[in-house]
Amino acid sequence: MGEFADDVHAALRDALAARDPDRDWQTEWYVRNTPVDVAGVPDATDAPLVLVEVEVRRADPANNPVKLARYADDGDFDRPVVLVQAFTDYYALETGGVSSKRENATFVGRLAAETLTDFDYRAVDLPVAPPKRGDTPPDGWRNAVERVAATVLD
């Protein structure tokens, strides 16, 4: 899973950089001791910092918006922040809808956006069924990442 997640992060970074070259797009961008999967750092301090957390198979995806909102509340960012959380099909239920893990994460993200100044949150779908350890990545995952990149920048 680690290699697949790294590949997704790199592909997303590259897709975002191609669409928005005015930001420095990086993987494993750090806030304090916390790595963010993909970050778009603008040159202008009044332009938003775009942080993307890609939830492939995380046990507790709510932890990401909690940490980043806490850092924003503590004043760790010198500009507005947009947090985008991209959820793979791992969080989709076979009966329809999404798992409570995803619901909790989006709930926390929305609360943070409503509460904090200069903090915005969006949840997006990354329609990929992540492979289990040792399995081959699914066909079309790169196309799905390209579509998410377009959604992130909407």
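Structure above, values below:
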quantity	calculated
Some residue of the range 57-80 being of a type in the set (Ser, Thr, Tyr), assigned to a helix (DSSP H, G or I) and more than 10 Å from the chain's Cα centre (by Cα)	yes
Top-ranked residue of the range 114-126 - restricted to ones that are open to solvent by less than 70 Å² (accessible area, probe 1.4 Å) and out of contact with any Leu (no Cβ under 8 Å at 6 or more places or on another chain), ranked as farthest from Asp73 (Cα to Cα)	Leu126
Search result, residues across the range 14-33 that are aliphatic (A, V, I, L, M) and not in a strand (DSSP E or B)	Ala15, Leu16, Ala17, Ala18
Residues located in the range 92-108, provided they are surrounded by fewer than 15 Cβ atoms within 10 Å (Cβ to Cβ) and touching a strand residue (DSSP E or B) at 6+ places or on another chain (Cβ under 8 Å)	Ser99
Given (1) part of a strand (DSSP E or B); (2) open to solvent by 70 Å² or more (accessible area, probe 1.4 Å); (3) among the β-branched types (Val, Ile, Thr), number of the condition Thr136 does not satisfy	(1)
Residue that is in a helix (DSSP H, G or I), at negative phi, within 15 Å of the chain's Cα centre (by Cα) and among the hydrophobic types (A, V, I, L, M, F, W, C), where the choices are Ala149, Ala123	Ala149
Residue pairs meeting the criteria (Cβ under 6 Å; at least 6 apart or on separate chains; first among the small types (Gly, Ala, Ser), in the range 34-50; second open to solvent by 40 Å² or more (accessible area, probe 1.4 Å))	Ala39/Gln26; Ala39/Trp29; Gly40/Arg23
Residue within the range 34-52 that is closer than 30 Å to Gly134 by Cβ, out of contact with any helix residue (DSSP H, G or I) (no Cβ under 7 Å at 6 or more places or on another chain), of a type in the set (A, V, I, L, M, F, W, C) and not in a strand (DSSP E or B) present	no
Near pairs, Cβ below 6 angstrom, 6+ apart or cross-chain, from the range 80-96 (touching a residue at least 12 places away in the same chain (Cβ under 8 Å) and hydroxyl-bearing (Ser, Thr, Tyr)) to any residue that is surrounded by fewer than 17 Cβ atoms within 10 Å (Cβ to Cβ) and assigned to a loop (DSSP other than H, G, I, E, B)	Tyr90/Arg57; Tyr91/Ser99
Odd one out for Arg110, checked against (1) under 19 Å from Trp141 (Cβ atoms); (2) modelled with pLDDT of 95 or more; (3) of a type in the set (D, E, K, R)	(1)
Residue, least open to solvent (accessible area, probe 1.4 Å), within the range 70-91, restricted to residues that are at negative phi and among the small types (Gly, Ala, Ser)	Ala86
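The values are calculated or read from the model by the stated rules, or taken from the named source; none is laboratory data. This structure is a prediction, so every number in the text was calculated from the model and none was measured. When we count neighbours, we look across all protein chains shown, and the Cβ atoms used for this are built from the backbone with ideal geometry, even at glycine. Just the protein is used for accessible areas: all its heavy atoms, side chains included, with ligands, DNA and RNA removed. Shrake-Rupley method; radii C 1.70, N 1.55, O 1.52, S 1.80 Å.
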